[in-house]
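*Asks:* Structure incoming, see below.
The values are calculated or read from the model by the stated rules, or taken from the named source; none is laboratory data. The model shown is predicted, which means the values in this text are computed figures rather than measured ones. Using ideal geometry, Cβ is built from the backbone for each residue, glycine included, and neighbour counts are taken over all protein chains shown. When the accessible area is computed, the model is the full protein with side chains, heavy atoms only, and any ligands, DNA or RNA have been set aside. Shrake-Rupley method; radii C 1.70, N 1.55, O 1.52, S 1.80 Å.
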Amino acid sequence: MAAAYNEELLSRVQTWLGYSYSKRHTRENTAELHALYAAITGGSAEGCTNCNYDGYVGLLEAYERQSLRFLHPELMPESNYTLAPGFENETFVHESYSKAVTADTLTDEAAEFFISKGYGHAFVKKEGAETKSEAPKLTEKQQLQAEYKDLFAQDADEALTIPKLKEAIAAKKAELDQQD
């Protein structure tokens, strides 16, 4: 069984992550990396450490982020929004917004900005939360444009009508279904 979030394990993880590259690769700290992996996942870290190294370090970094959110919510910015399931580890950037937004830096202002830019599917309003102003509702065309962008990895032509957007989306989904 995997360990719950606790201060002792968080401290060990933060200490290990604070080591320099060369110090991380000593025999003692490689053993600590394996012990931390086992404590977090409940599984064994057997196998080639060099092959799995990035994954082990990524796990420690994720554990640190989640522990801080759970154990020290006061360190997280106040927000009436959270990232939707599947988007927790994403970074949101936009040429019109001055900073990158992650789960750790999410604010109401940032969530409302990205929702207005067609990313409403990536943000969820927390239960019972109220915002200074309600986030703008997306029109059907804006929702279709966001779906189009997700499927085609490019913005839809503004001249496309709702029926044309629906047609293009349906065709792309059919094409993707045939590839599976």
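*Asks:* Modelled with pLDDT under 85 and of a type in the set (A, V, I, L, M, F, W, C), is that true of Ala174? Outline the logic, then answer.
*Replies:* Working: modelled with pLDDT under 85: no; of a type in the set (A, V, I, L, M, F, W, C): yes.
Criteria not met by Ala174.
*Asks:* Give the number of residues within the stretch 88-130 that are open to solvent by 60 Å² or more (accessible area, probe 1.4 Å), in a loop (DSSP other than H, G, I, E, B) and touching a strand residue (DSSP E or B) at 6+ places or on another chain (Cβ under 8 Å).
*Replies:* Qualifying residue count, the stretch 88-130: 4.
*Asks:* It is to be established whether one or more residues within the stretch 146-157 are at pLDDT 85 or above, over 23 Å from the mean Cα position of the chain (by Cα) and open to solvent by 60 Å² or more (accessible area, probe 1.4 Å).
*Replies:* Looking through the stretch 146-157, at least one residue is at pLDDT 85 or above, over 23 Å from the mean Cα position of the chain (by Cα) and open to solvent by 60 Å² or more (accessible area, probe 1.4 Å).
*Asks:* Got at least one residue in the stretch 54-62 being over 20 Å from the mean Cα position of the chain (by Cα) and among the hydroxyl-bearing types (Ser, Thr, Tyr)? Talk me through it step by step, then tell me what you get.
*Replies:* Initially, the stretch 54-62 is screened for residues over 20 Å from the mean Cα position of the chain (by Cα), giving none.
Looking through the stretch 54-62, none of the residues is over 20 Å from the mean Cα position of the chain (by Cα) and among the hydroxyl-bearing types (Ser, Thr, Tyr).
*Asks:* What pairs can you find where one residue is in the stretch 70-91 and more than 24 Å from Ala4 (Cβ to Cβ), the other is at pLDDT below 75, and their Cβ atoms are less than 7 Å apart, with a gap of 6+ or different chains?
*Replies:* Between residues of the stretch 70-91 that are more than 24 Å from Ala4 (Cβ to Cβ) and residues that are at pLDDT below 75, the close pairs are Asn80/Ala129; Asn80/Glu130; Asn80/Thr131.
*Asks:* Continuing with the same structure: In the stretch 27-84, what count of residues is obtained for those that are out of contact with any Leu (no Cβ under 8 Å at 6 or more places or on another chain), part of a loop (DSSP other than H, G, I, E, B) and surrounded by 16 or more Cβ atoms within 10 Å (Cβ to Cβ)?
*Replies:* 1
*Asks:* Can you tell me how many residues in the stretch 151-178 are polar (S, T, N, Q) and either closer than 21 Å to His121 by Cα or part of a loop (DSSP other than H, G, I, E, B) (or both)? Quick ask: steps written out before the conclusion?
*Replies:* So in the stretch 151-178, the residues polar (S, T, N, Q) come out as 154, 161, 178.
Of the ones still in play, those that are also either closer than 21 Å to His121 by Cα or part of a loop (DSSP other than H, G, I, E, B) (or both) are 154, 161.
Summing the residues that are polar (S, T, N, Q) and either closer than 21 Å to His121 by Cα or part of a loop (DSSP other than H, G, I, E, B) (or both) in the stretch 151-178 gives 2.
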